[in-house]
Amino acid sequence: MSSIPSTIKFHSKSQTLELAWNGGTTFELPAEFLRVYSPSAEVRGHGVGNEVLQTGKKDVRIIKLEPVGNYSLKITYDDGHDSGLYNWEYLKDLCENQERHWQDYLHRLEQAGASREASQIMFKSID
């Protein structure tokens, strides 16, 4: 299987990135999944054990996709995150192991007592 995807499509309504390699199985990666598994140092840390759990990303949206050479994608999200390059090998791993990665993320959220939901500031008018 070639490391460069044969298909790359972004579906803005569903906020999913569709990828396939050599006309094989098509995978769809949701924006939230891509955001919480960003390859950036902000998310992955600077070594094993330094990862930063991403919370409140359930409704994050992709606002820009940019190819970087022939080796990766740069994704910009509406929460301002835009660092980290998703190389083809990393995207292939996310596709092929999506369920395992997602369950691991949900488990880590549960262990931390954290949520996928964004924190909301409630304003109360005092008269």
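The values are calculated or read from the model by the stated rules, or taken from the named source; none is laboratory data. Being a predicted model, the structure only gives us computed values, none of them experimental. Virtual Cβ from ideal backbone geometry, glycine too; neighbours counted across all protein chains shown.
Here the stretch 86-101 is the region considered, the condition is being under 14 Å from residue 21 (Cα atoms) and not acidic (Asp, Glu), and the residue that is surrounded by the most Cβ atoms within 10 Å (Cβ to Cβ) is 91. One residue stands out in the stretch 1-20 among those that are touching a residue at least 24 places away in the same chain (Cβ under 8 Å) and under 14 Å from residue 73 (Cβ atoms): the one that is nearest to the chain's Cα centre (by Cα), namely 17. For residue 51, the requirement of being acidic (Asp, Glu), more than 12 Å from the chain's Cα centre (by Cα) and farther than 21 Å from residue 9 by Cα is met.
When 34, 29, 19, 53 are checked against the criterion of being surrounded by fewer than 13 Cβ atoms within 10 Å (Cβ to Cβ) and modelled with pLDDT of 95 or more, a single residue qualifies: 53. Residue count for the stretch 66-80 under the criterion of being farther than 20 Å from residue 21 by Cβ and crowded, with 18+ Cβ neighbours inside 10 Å: the result is 1. With respect to the conditions (1) within 24 Å of residue 104 (Cβ to Cβ); (2) charged (D, E, K, R); (3) surrounded by 14 or more Cβ atoms within 10 Å (Cβ to Cβ), residue 59 falls short on a single one, namely (3). Working only within the stretch 56-88, note down all residues that are modelled with pLDDT under 95 and under 14 Å from residue 37 (Cβ atoms). Correct list: 83, 84. Could you figure out which of (1) within 23 Å of residue 3 (Cα to Cα); (2) crowded, with 17+ Cβ neighbours inside 10 Å; (3) touching a helix residue (DSSP H, G or I) at 6+ places or on another chain (Cβ under 8 Å) isn't true of residue 83? For residue 83, the exception is condition (2).
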